[in-house]
Structures are given as C-alpha cells and as structure tokens.
1. Buried by at least 20 Å² relative to the chain on its own: which residues of region B:256-285 qualify, computing accessible area with a 1.4 Å probe on protein heavy atoms?
2. Considering every residue in A:49-55, what mean count of other chain Cβ atoms within 10 Å of its Cβ is obtained?
3. Given B:290/B:362; A:121/B:407; B:294/B:362, which pairs have Cα atoms separated by over 27 Å?
4. Set the Förster distance to 45 Å, then compute FRET efficiency between residue B:47 and residue A:92 from the Cβ-Cβ distance, nearest 0.05.
5. For the protein assembly as shown, with only Lys/Arg (+1) and Asp/Glu (-1) charged at the beta-carbon, what is the dipole magnitude about the Cα centre, in debye rounded to 20?
6. Is there a quick way to get the dipole size of region B:53-361? I mean about its Cα centre, with the Cβ of Lys and Arg at +1 and of Asp and Glu at -1; what is the value in debye to the nearest 20?
7. In square angstrom, what is the accessible area per residue of the protein assembly as shown with a 1.4 angstrom probe?
8. Which residues in region A:270-288 have a backbone N closer than 16 Å to a point placed 7 Å from the Cα of residue A:243 along the Cα-to-Cβ line?
Amino acid sequence: MMALNRKDLLGLRGMTRAELEEILSTAEDMKSILLSDTKKASYLQGKSVVMLFYENSTRTRFSFEFAAKYLGAHTASVAVSSSSVAKGESLIDTGKTLQSMGVDVIVLRHPMSGAPHLLAKHVSASVINAGDGINEHPTQALLDMFTIRQKKGTLEGVKVAIIGDILHSRVARSNVWGLTTMGAEVRVAGPTTLMPPDIEKMGAKVFYRVEEAIKGADVVMGLRLQRERQQKGLLPSLREYTHLFGITQERMRLAKADALIMHPGPVNRGVEISSDLVDGEHSVINEQVTNGVAIRMALLYLLTRRNRDAVH
Amino acid sequence: MLCIKNGMVVDGISDVPYKADILIDKGKVIDIRENIEDAAEEVIDAAGKWVLPGLVDAHCHLREPGFEYKEDISSGTRSAAAGGFTSVACMANTNPVVDNGAMVNYIKSMAMVKGVVKVYPIAAVTKGQQGQELTEMRELKEAGAVALSDDGKPIMNPHLMKLALQYAKGLDMLIISHCEDLSLVGDGLMNEGYMSTVLGLKGITRAAEEVMVARDIILAEVLDAPIHIAHVSTKGSVELIRQAKRRGVKVTCETAPHYFSATDAWVDGYDTNAKVNPPLRTDEDVAAIKQGLKDGTIDIIATDHAPHHRDDKEVEYSLAANGISGFETAFSLAYTHLVETGVLSIQELVHKMSKGPADILKIDAGTIEIGKPADIIVVDLHRTYTVDVSKFYSKGKNSPFHGCTLKGKVMHTIVDGKVIMKNEKIIV
C-alpha cells in the first residue's frame with residue numbers, strides 16, 4: 001500500500017481516507033519503535049529535518065525533534081520571533097536558504113494562515129505544517145485520531161465533541177476535516193462569538209449548549225481558551241465561559257460512560273476543563289503526547305520515503 | 001487625417017449602434033457617416049469590429065509619486081490605453097498624498113510629459129488622508145482635481161465626514177467615499193463566510209461596508225449633498241443605494257469588474273492576487289451586483305486598478321497588499337460577464353464605462369461627436385483570448401484573472417486623434 005504520495009503535509013483538508021489510514025497505520029509501527037528500549041530506527045539516516053518556528057512552542061517542537069532523532073535524522077531548530085515576520089528575511093528566502101544547506105524536511109509553525117502553503121510552493125523540500133495561524137494543525141488532529149482509534153478500535157461512527165474557542169482553533173479545523181473524512185461524527189460547541197460561520201458546511205454539527213454536544217459522546221475534547229479573547233470583547237469573562245462551557249464531572253455524566261477526555265494542551269485548569277477530569281481515569285491527555293511523537297515519526301518516514309523511492 | 005472605416009459605432013448618444021466611418025483631424029472628430037471617401041493619411045480598418053468612445057475610469061491608482069516600483073504614470077497610462085481607457089481619474093493615496101494644489105499640478109504635469117492618456121487627479125478629503133482636518137478644497141478644485149477622496153482610508157469620524165460633505169457641496173465638489181468601518185474590519189483578511197472558515201483566515205463582515213454606506217447615505221440625505229460610493233461589493237450595499245435613490249438622495253456609485261467576475265472562493269490556495277479591499281464576496285453578492293448594474297442602481301464600472309510589485313504579493317496572505325491590476329482586463333471581464341450573459345446591452349456597458357463616469361466627474365468625454373476630441377477605441381467582440389499577466393503593460397502583474405479565457409478585446413486606442421495602441425500594441 002502506498003496511498004500517501006505527497007511532497008508536503010499542509011493540512012487534512014482534501015486528504016483522502018486512504019491517505020489518512022496509511023498515516024495512522026504507519027504510526028502504529030512507529031509507536032512500537034518509540035516504546036522499545038533502543039528507540040532507534042534508521043529510516044531517516046542521512047536526512048536533515050529543520051524545525052522552523054515563528055511561534056513559541058515546546059511540546060510540538062520537541063515532539064517533532066524527538067521523532068526525527070528516533071528515526072536517525074539530523075535536526076536543527078530555528079526560532080524566529082513573531083514580531084520579525086514582517087520585518088526580517090522573507091519566509092520564502094529563509095526556506096530557500098535552509099534548502100541550500102541540504103534540508104530535506106521543513107517543519108513550519110507560523111502565526112499566519114497559509115504560510116506553509118506559500119513555503120511549499122517555493123521550496124522542493126517537504127514542508128510539514130506544525131500549525132498555521134487559525135487554519136490547521138494537522139499533526140495534532142492526526143495524533144487525536146490515532147489516540148481515539150487506539151482506544152475505540154475505530155473512527156467510524158465515533159461521536160467526538162469539541163468544546164471551546166472553535167473560531168481561533170487550528171486543532172478544531174484539522175480535526176473536523178480529518179475525523180469527518182474517517183466517518184466520525186464531529187460536534188462543535190462554544191460561545192456564538194467564537195464559532196466560525198458556516199462550519200456545519202464542513203461537516204460538523206454545531207451546538208451552543210455544551211450539554212447537548214456532550215450528550216452520548218464517545219470523546220470530549222477541550223480547547224485552550226486564550227485570555228486575550230476576554231480583552232478583545234469576545235467573552236465577558238473567563239468565569240462566565242467556565243459557567244457556560246466548562247467541561248466538568250457533572251456535564252461528563254451526559255457522555256457515554258467510557259468517554260475519553262482529550263485536550264491538545266497546554267491546559268488552563270479550571271477554565272475550559274476541571275482539574276479532576278484532566279487527571280482522572282478517562283483522561284488520555286498524556287497518551288496524546290506520546291502518540292504525537294509516533295504520528296510525527298510516521299509522517300517524516302512517509303514524506304521522505306517519496307524521495308528515497310525516486311532515488312532507488 | 002485619420003479615418004476609422006467600416007466599424008459598428010456606439011457613439012454614446014444614439015440609441016442604436018450604426019455602421020459608419022469616422023474622420024478625425026487635428027485631434028477632433030470632423031465627420032461621421034458611411035463611406036467617407038477622403039484621402040486620410042492613416043486608415044484603421046474596423047470591419048467586423050466595434051467603434052466605441054474611449055473608456056473613462058473614475059477610480060485607479062497610478063502610484064506616482066512615491067511607489068514608482070509598483071507603477072508610474074508612464075506605465076500606468078500605457079496600461080490604461082491597452083485596456084481601452086482614454087481618460088483616467090487617479091486616487092490621491094500617493095506619497096506624498098495629493099492634498100494640495102501643487103501636488104495636483106505635479107500629477108497633471110507628469111501626465112503631460114510621460115502619460116499617453118488623459119489623467120484627472122482626485123485629491124484627498126483630509127490633509128495627508130489622516131482623517132483629521134479638511135484639505136483646502138478650493139485650491140484643489142482650481143488646480144484641477146475632479147473629485148475628492150481619501151480612498152484606501154475611510155473617514156471614520158462621522159462628524160468630519162458630515163463637514164467634508166457640507167464644505168464640498170459649497171464648492172460643487174464631489175466626494176467619493178471608500179466605505180469601510182475599520183473597527184468592524186479588525187484584523188480580518190477576507191470576506192467572512194464559509195470560505196474564511198475553511199481557510200482559517202479571519203473574516204471581514206459585510207457589515208463593515210454596509211454600515212458605512214448607510215452612514216454616508218444618511219449624511220448625504222440630511223445635507224442634500226452629492227456623494228459617490230466607491231467599489232460597491234455587497235448585496236446589502238446595492239439595496240441600501242437602491243432605496244436611497246428611490247428617496248431622491250444624490251448618491252451615485254461604482255463597482256469594479258472583480259466584484260461581478262470573482263468570488264471569495266478564488267482566495268483558496270491563499271492566492272494573494274485575489275486579495276483586494278473590499279474583499280471578494282459570494283455568488284449571491286455577484287448576482288446582486290449584476291442586478292444593480294442592470295436596474296441602474298450601480299451607475300458605473302470603475303477599475304480600481306491597484307498595481308503591486310511581486311514583493312508585495314509573494315508573501316504570507318496576511319502580509320500581502322490589497323489590490324488587483326485591473327486596467328487591462330476590465331473591458332473583457334465586463335463584456336464576458338455582463339454583455340455575453342445578457343445583463344447589459346453593449347450600449348449600456350459602454351455608457352457605464354465612458355459617458356457615465358465622465359458625467360459623474362464632469363469630464364468632457366465619453367461620446368463620439370463631431371467637433372469633440374477624438375478619444376475612440378476599436379474593439380473586437382468576437383475575439384476570445386487567455387489573460388496572460390506577463391503581457392500586461394502595467395508594472396503590476398497582480399491579477400487573479402491570469403489564465404482566464406475572456407471574450408471581447410480592445411484592439412486600437414486613439415487619444416485626441418493620436419493612435420496610442422494599434423493592433424493591441426502600444427506604439428508610443
């Protein structure tokens with residue numbers, strides 16, 4: 001099987017079910033490597049992977065870095081401050097510079113939606129989107145899908161409720177694209193001011209009462225609520241948000257008894273989700289992190305395989 | 001003497017097109033009739049083609065002075081001529097801003113030296129387009145400004161806008177309003193709707209335009225002052241203007257070709273050439289714009305020609321400049337999307353792109369008449385071609401219509417009896 005034949009991973013929008021299946025099943029194998037004592041494979045030996053981050057991130061950057069290292073790649077990290085995006089060297093020039101140094105894969109995080117698409121057009125290296133503005137965060141959604149599939153055995157028909165600031169969430173967008181392609185039922189819930197227009201046309205069911213979204217769900221996913229949403233007037237207060245949309249023990253009683261608690265992190269404990277749920281028995285938040293490394297190993301493997309096959 | 005022979009003439013006055021030859025001498029039309037047997041030194045054979053008044057653009061950006069790397073008066077007027085425009089009114093958002101008589105004179109004299117079509121400067125409403133103090137409108141008018149506009153920057157303060165309309169009315173000057181409520185725009189990047197959700201780009205609510213259109217209509221109505229609304233792009237704006245006209249408000253308006261030829265779906269792939277302000281809207285808006293053109297709510301079509309250098313477009317969508325290089329596709333887009341589809345007749349289209357804008361700006365242009373300046377174009381309405389931005393005379397290659405197949409092509413452009421473009425080639 002070789003469904004994935006792409007130079008880049010820019011988003012889950014437009015990806016086929018076969019492609020997603022291949023990534024998820026490859027990640028199963030990668031997880032075994034990750035959990036083994038040696039944590040070492042040589043699939044990326046001689047390859048260079050650079051983490052080009054225009055936004056602060058620890059978990060995503062380290063996750064990619066470990067994934068690349070476990071597969072034997074050379075790695076480097078470039079942190080560019082967001083404020084220099086407009087003033088400094090252009091993204092295209094930076095990408096071409098890295099490529100000239102022999103970089104095979106550029107992992108890009110950028111505060112502006114569509115930046116990975118721009119870069120991918122101008123470099124022959126593979127580009128992996130590690131989060132672009134409020135557009136997509138495809139590797140996060142893939143690790144969420146991987147986690148759900150491992151726990152529930154399938155994604156087909158699984159009811160996933162995503163709660164919070166959907167408008168500004170690249171995690172939510174990628175999950176809606178990916179999960180609906182895989183046959184899951186995606187519900188989104190949040191304040192009306194934080195709901196993007198016409199998201200139901202993307203295949204999600206929209207709820208403005210959190211209880212209705214959680215009812216009968218197999219998975220309940222919280223999203224980080226940024227404090228600046230209050231300052232910009234999108235919310236009266238975090239307190240009111242928690243009152244209306246906070247994921248609590250009481251509300252979780254409406255979900256299926258074995259429903260999973262997920263969160264892409266970092267968590268605002270007590271704001272979008274209560275601490276007892278974060279640390280509770282249904283929480284898979286830490287496992288999501290482990291699976292994230294496996295997913296990124298799978299993607300690095302699959303995207304560089306394309307080049308390798310061309311050579312041999 | 002120059003003779004344009006055997007073409008179908010739309011003269012901008014007669015109700016129906018007719019076949020005639022046009023004889024031109026010393027820059028003026030001296031005869032219009034069939035079979036002119038005169039020994040003109042130069043003959044343009046227009047058999048099978050249409051002879052129209054030179055187009056008049058009420059809204060363009062020539063970028064000089066200050067942004068000559070994007071466009072200058074030499075390249076911009078050649079681009080205009082290539083698109084069939086013989087008169088263009090250029091906006092004041094240059095650097096420095098056209099906000100005093102000397103700047104108006106500077107633009108006019110540069111146009112005399114380097115330009116190949118007639119250039120009419122539009123001056124700013126407020127000093128430096130800062131939205132704080134009014135410009136010296138009398139001086140601007142005497143220097144030759146044809147209208148006033150802070151285009152690109154809305155006048156957010158309603159009190160200042162009221163004063164501007166009031167003061168300009170006293171001088172018989174027209175204000176062209178760029179309707180955009182900046183607080184509603186926020187950090188929005190494209191039309192708010194399904195496509196902004198799909199692309200993860202912050203949306204701009206249509207209310208940002210409509211709230212300002214409504215405000216300006218109310219101010220114009222209260223003051224009984226004229227106002228011209230620039231680049232109408234939404235269904236709601238069309239309806240507001242339609243109702244205002246019924247009440248007798250002195251409002252006129254324009255739309256640009258991209259608002260009836262493209263939608264926000266064109267932004268997909270983060271195509272910065274489709275980034276324009278106001279943003280491309282939806283199919284529903286396109287239909288409303290066409291209806292507005294048909295029923296006369298929308299008086300004219302202006303290009304909003306906004307050339308940019310590739311350095312300003314080959315960047316992240318958020319950082320890219322707004323604007324479309326529009327001169328060289330305007331007529332073909334209008335013909336393809338309005339005449340071929342039955343929205344307008346060819347005479348109606350010609351009116352909206354020549355006599356209509358000339359009347360609004362009080363420019364003596366837009367007709368083919370004996371004794372008048374010979375600003376004339378010859379178009380081939382059967383000609384189908386593919387837009388290739390690399391062939392643009394404009395420095396700005398920023399067009400989302402690159403690669404589109406359009407019908408109706410400007411072949412020859414004549415300004416004051418002088419052939420500027422011959423067989424699609426600028427020859428001056």
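1. B:268, B:269, B:270
2. Details: counts 0, 0, 0, 0, 0, 1, 0.
Mean number of neighbouring Cβ atoms from other chains: 0.
3. Details: B:290/B:362 25 Å; A:121/B:407 31 Å; B:294/B:362 23 Å.
In this structure, A:121/B:407 lie more than 27 Å apart at Cα.
4. 0.35
5. On the way: 85 positive and 92 negative charges, 327 e Å.
So the magnitude is around 1580 debye.
6. Working: 29 positive and 41 negative charges, 147 e Å.
It comes to approximately 700 debye.
7. Working: 27710 Å² over 740 residues.
On a per-residue basis, 37 Å².
8. Counting backbone N atoms under 16 Å from the label point, the list is A:271-272.
The values are calculated or read from the model by the stated rules, or taken from the named source; none is laboratory data. Just so it is clear, the model here is predicted, and its values are computed rather than measured. Positions of Cβ are generated from backbone atoms using ideal geometry, with glycine treated the same way; all protein chains shown enter the neighbour counts. Heads up: the accessible areas ignore ligands, DNA and RNA and are worked out on the full protein's heavy atoms, side chains in. Shrake-Rupley method; radii C 1.70, N 1.55, O 1.52, S 1.80 Å.
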